[in-house]
Structure formats: C-alpha cells, structure tokens
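Written below as structure tokens is the structure these notes are about.
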Ligand code: SF4
Ligand code: SF4
C-alpha cells in the first residue's frame, strides 16, 4: 500500500461478514477514453450516485468512489452500473440484477406518485 507511488491501493474496511462494495477503477480519464483503455472502467456517468439512496457515492474527476461508512450494502449501484465497474465481495448470493432493477423502478414510481400527489394537494390549498 505505502509502496504504491500513486497511492492507488486502498485498504477497505470490512462490512458485516466481510461484505464490501467498491469501484474497481481509478482511471480519471473522460468516459470514452477510459472505456477505450478498459471495457469495465468507470466512465463517470453518475448513475450509481443517483441510484444510491444513502448518499454513499461521489463522482469526482470522472471516477466514482463509495464511502464504506455510508454504504448499506444494498448492491443497487452494482446492478445499475453500465460498465460493471462496481463490485460487491463476500455476499452470500450472486447479484440478481433484474430483481434489484425492479425494486428501484417500483421505488422511483412510488416517489413520483407521492411528489405528484403533494403537488396536487398544494395546488388545491
Ligand atoms: S455507474 Fe459505474 S461507470 Fe457510472 S459513475 Fe458509477 S461506477 Fe462509474
Ligand atoms: S451498495 Fe447501496 S448503499 Fe452501498 S453505495 Fe451502492 S447503492 Fe449505495
């Protein structure tokens, strides 16, 4: 870790039963350049940060970072990442992308309906 001249290696704290989430990319190049170098590079699209309801993800200089102190290990970011740059380790079950995407869709639909209802209510007052 200390030997790495670019300080790229990071020791991640373990979650329950050793589970952890991390972005396996530190490439700060812009999306197309990063993708050309590696098919599973982080392209800085921000989908993961928008998906995370715990504000655990930041995207800076075209690369995402997961704060282990905030991450609740839901794996939603992993399911949504278009390049596969996000990895979950030591989870007891394999990632069920479709089930997670469906869960996110239902949540977003409910939030949209609640916002519309609140808007209507405000208009009627
Ligand atoms: S969704 Fe994937 S590619 Fe996009 S910013 Fe997050 S980690 Fe990077
Ligand atoms: S696993 Fe869940 S809580 Fe953790 S960073 Fe990803 S979306 Fe956020």
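Based on C-alpha pairs under 8 angstrom that are at least 6 apart in sequence, the chain has a relative contact order of 23 percent. Per-residue packing, averaged as other Cβ atoms within 10 Å, sorts the ranges 97-107, 46-56, 4-14 into the order 46-56, 97-107, 4-14, beginning with the highest. Per residue, the chain reaches -11000 deg cm²/dmol at 222 nm when only DSSP H runs of four or more residues are counted, each adding -39500 (n - 2.57).
Look at where the Cα atoms of the range 102-125 and of the range 62-93 average out, and the two centres are 27 Å apart.
Relative to the current alpha-carbon distance between residue 119 and residue 70, full extension at 0.36 nm per residue lengthens the span by 14.5 nm.
Nearest 10 degrees is fine. How inclined is helix 97-124 to the longest principal axis of the chain, computing both from alpha carbons? Rounded to the nearest ten degrees, it is 40. Packing-based ranking of 113-123, 75-85, 15-25 yields 75-85, 15-25, 113-123, ordered from highest to lowest mean Cβ neighbour count within 10 Å. Here residue 30 and residue 97 are evaluated by their C-beta separation; at R0 = 25 Å the FRET efficiency comes out at 0.45.
Rule-based calculations on the coordinates, nothing more; no lab input. Since the structure is predicted, the reported quantities are computational estimates derived from the model, not experimental observations. Every residue, glycine as well, gets a Cβ built from its backbone with ideal geometry; the counts of neighbours run over all protein chains shown.
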